[in-house]
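The numbers here are math on the coordinates, done by the rules we state, and not lab data. Here the structure is a predicted model, which is why all the values come from computation and not from measurement. Don't worry about glycine lacking a Cβ; one is built from the backbone with ideal geometry, like all the others, and counts go over all protein chains shown.
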Amino acid sequence: MGIAMANGSGTTAGATCPYAMRGSAMLLIADAAGPFDTAIVQAGGRLIRRVPWSAAADTLPRIAGWPVLVIEAAGIADDRLDEILPVLAQFIVAAVAPAVVAITADQIDLVAGHLLGPDVRLLCAPTMDERVAALRAAAAPPLPTLHADLGRTVEEPARDGYRAEGPRPPLTRLNDRVAEIARLVSDLSRDVHQATGEIADRRPGYDAEPGAPAFTTSVRAQEVRRLIAIRQKRGVFFGQFGGEALFEDPAWEMLLDLYAAELEGTRVSVSSLCIAAGVAPTTALRWITKMTEMALFVRHPDPVDRRRAFMALSPRASEAMRGYMVAVRKM
């Protein structure tokens, strides 16, 4: 028997209790009642069914419609996650279903390796307020998508006839900030091309001979690491004022960290990049998702452990970082 999606005509087969047929339909993947049950109510959503992890693989293919997929991954064994997450990822893509996923810090690499994407909101050890806010955002119509190449916007249709009643300033600011960074990358890339033509290998050894010119187009990893260390020193001296947040710039911190890693020939996991961002993991994951969507970052699966993925700069972003580092030497 198929599972009918709630559309205002009645309750869903298999639900343990009737729910008011109002609000955005939400399908909860969880083994027991928990914080998301409360968050769904507070977000104005409509829980159509709670599906245990053991039944998710069989249930999801029979779901039709556009539910918000709500996933409680905290406390689920890695083996079970690794088995079911690909099914969830496939459902999200096929059903164009937004998803909200609660995870622990230890699960970042495993879950991000499968579910990192523009339709997924990853929440690391979230508070109730964070759960509610994420559910409301997932149920709302998507904001216009900003494209790095020409700054144009594309609006997608609203789901379930839902209309947003006002702007969501934090997410709007995130979009604007990433678009600004993307435009900077594009401008820097163009400048580097005009100045040097085709870019040489960005990972050569760098051993300057005595008397070498002061300015060179090569960049050493030590230069980037020194810049990172200088930025981190600000918190040492101003942390006593509770002023760490004054210097939060996760996008730039992650760009620097990935560029240093590229020059060193090392790989950076999603969890390591979250640490480098210097903000809460949920915030860092949101930035990573957005900057991947904007083609600043690229994700590579671990060839040894398929449960993990590595992040890297896109070729254009890498080229722009090199251009930036060379340019600031002359200032």
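Quick one: compute a quarter of the convex hull surface over the Cα atoms of region 25-139 and quote it in nm².
Value for region 25-139: 6.0 nm².
Please work out how much length the chain gains when fully extended from ASP79 to ILE275, using 0.36 nm per residue of separation minus the C-alpha to C-alpha distance, in nm with one decimal.
Gain on stretching ASP79 to ILE275: 68.1 nm.
State the three equivalent ellipsoid semi-axes of region 270-324, derived from the C-alpha gyration tensor as the square roots of 5 times its eigenvalues, in descending order and whole Å.
19, 16, 10
HN-Hα J couplings of region 296-311 from phi, Karplus 6.51/-1.76/1.60, θ = phi - 60°, integer Hz, Gly and Pro as x?
Working through the residues one at a time gives 8, 10, 10, 10, 10, x, 6, x, 8, 10, 5, 7, 10, 10, 10, 9 Hz.
For the pair TRP252/ARG234, report the inter-label distance in nm, with labels modelled 7 Å from Cα in the Cβ direction.
Computed distance between label sites TRP252 and ARG234 equals 0.6 nm.
Lys and Arg at +1, Asp and Glu at -1: add these up for the other residues within a Cβ distance under 12 Å of ALA33 and post the number.
Counting the neighbours of ALA33, the net charge comes to -2.
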